[in-house]
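> Structure provided below as structure tokens; questions to follow.
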Amino acid sequence: MFATHVLQYIYIIMSTNNQTQNTIIRQVGFPQPLFELIKVRLEQLGISTPEYIRHLVIEDIKPLYKDIPMVDLDTEESIGKALDDIETGRVTRLKSISEIKDHLNKIGK
């Protein structure tokens, strides 16, 4: 009797933005029991599978290289602007879904 292992296939799409030509797509297969454990961990962390895989790869490669590009230049600039906004108080803190909906309705008018 042969045991069969069902593989879950995950398509990982890594792209900096919609205008970028540098999109990498890879298919990764996991045995079903491992995939079930991965799903539990993803729920614990509250992140997506691609984010988790990227994090694992970065943590593995980080000791080998000093300067690993974590984000593209546009994203880095956007993060810098966001940090400046936080520092200068140009942020709106919303604590509930209803506050988020109300805020989005106000700025969307």
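> Can you name the residue in segment 83-103 that is modelled with pLDDT of 85 or more and hydrophobic (A, V, I, L, M, F, W, C) and is also surrounded by the most Cβ atoms within 10 Å (Cβ to Cβ) among such residues?
Here the residue is 100.
> Starting from segment 76-99, take each residue that is small (Gly, Ala, Ser) and list its partners that are part of a loop (DSSP other than H, G, I, E, B), counting only C-beta distances under 9 angstrom and pairs at least six apart or across chains.
That search, which allows pairs on different chains as well, returns 78/71; 82/91.
The values are calculated or read from the model by the stated rules, or taken from the named source; none is laboratory data. Keep in mind that what you see is a predicted model, and the values were worked out from it rather than measured. Note: ideal-geometry Cβ built from the backbone for every residue, glycine included; neighbour counts use all protein chains shown.
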